[in-house]
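Here is the structure we will look at.
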Amino acid sequence: MFETMNGRAVSWSELEATANIGGGIPLIQPDLKSCDHESKVDRGEKRGASGGRVVARTTGAVSNSASATWYRAGLRDFKKALSNAAVSAGHVNSDGHVQLSKVPFDLVITHSYEDDPEIYVVKLLGCHLDKDSGKHAEGTDAETIDVDLNPLRIVEIVNGIDTVLL
């Protein structure tokens, strides 16, 4: 069974994204094409002496990852905002290059529906721009850039409460 919202399926058009840049001003609707994120718990196991069956599991450790595909112009605007924050924070190397990957930001993804009182929110917290991979191709599609966001924490709001896997 597929989840729908009052007879409508979740769609990109109902989504709003905001990039909250540390030391900078929020960038609303940063021209994303897509955004993927994952929280994963890796657990250890305790095995019994006879038969090697799992008899207990550890709490484990969480790992979070996220990536996004930006349209070229949108990423350029985002990098301008990161650059301003990086310069303000003194993130300039000895060659005079501004270091964008040193500026932390949160990416907050929100969607809501006209007939649904609930607001759906996922927060990618403590992100850094850790990969910048261009795609140049023949055709009519707009140019896109893939980026790794490397979040420290991924939070989903459920029933008004911030929730995480661990």
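The values are calculated or read from the model by the stated rules, or taken from the named source; none is laboratory data. Please read all numbers here as calculations on a predicted model, not as lab measurements. Glycine also receives a Cβ, built like all others from the backbone with ideal geometry; neighbour counts cover every protein chain displayed.
Confirm whether residue 83 is part of a strand (DSSP E or B), out of contact with any Leu (no Cβ under 6 Å at 6 or more places or on another chain) and either in contact (Cβ under 8 Å) with a residue 12 or more places away in the chain or closer than 30 Å to residue 14 by Cβ (or both).
no
Kindly indicate the residue of segment 96-119 that is without any contact (Cβ under 8 Å) to a residue 24 or more places away in the chain and either part of a strand (DSSP E or B) or of a type in the set (A, V, I, L, M, F, W, C) (or both) and also nearest to residue 164 (Cα to Cα) among those meeting that condition.
Among those residues, the one meeting the criterion is 118.
Can you list the strands (runs of 3 or more DSSP E) lying wholly within segment 12-73 that have 2 or more residues being of a type in the set (Ser, Thr, Tyr)?
Output list reads 32-42, 61-71.
Hey, residue 137 hits all of (1) closer than 23 Å to residue 35 by Cα; (2) of a type in the set (Gly, Ala, Ser); (3) outside any loop (DSSP other than H, G, I, E, B) but one; which does it fall short on?
All conditions are met except number (3).
Please specify each residue of segment 144-160 satisfying the condition of being more than 15 Å from the chain's Cα centre (by Cα) and surrounded by fewer than 19 Cβ atoms within 10 Å (Cβ to Cβ).
158, 159, 160
Among the residues of segment 43-64, are any surrounded by 11 or more Cβ atoms within 10 Å (Cβ to Cβ), under 26 Å from residue 154 (Cβ atoms), of a type in the set (Gly, Ala, Ser) and in contact with a Ser or Thr (Cβ under 9 Å, 6 or more places away or on another chain)?
Yes, that holds for at least one residue.
Is there any pair linking a residue in segment 53-79 that is within 14 Å of residue 30 (Cβ to Cβ) to one that is surrounded by fewer than 12 Cβ atoms within 10 Å (Cβ to Cβ) and among the polar types (S, T, N, Q), with Cβ under 8 Å and at least six apart or on different chains, and which?
68/34; 69/34
If you go through segment 24-42 one residue at a time, do you hit one that is hydrophobic (A, V, I, L, M, F, W, C), loosely packed, with under 12 Cβ neighbours inside 10 Å and either touching a helix residue (DSSP H, G or I) at 6+ places or on another chain (Cβ under 7 Å) or modelled with pLDDT under 85 (or both)?
Within segment 24-42, one or more residues are hydrophobic (A, V, I, L, M, F, W, C), loosely packed, with under 12 Cβ neighbours inside 10 Å and either touching a helix residue (DSSP H, G or I) at 6+ places or on another chain (Cβ under 7 Å) or modelled with pLDDT under 85 (or both).
Residue 111 - would you say it is at pLDDT 90 or above, in contact with a Ser or Thr (Cβ under 9 Å, 6 or more places away or on another chain) and crowded, with 17+ Cβ neighbours inside 10 Å? Even if it seems obvious, please write down each step before you answer.
On the way: at pLDDT 90 or above: no; in contact with a Ser or Thr (Cβ under 9 Å, 6 or more places away or on another chain): yes; crowded, with 17+ Cβ neighbours inside 10 Å: yes.
When the stated conditions are applied, residue 111 does not pass them.
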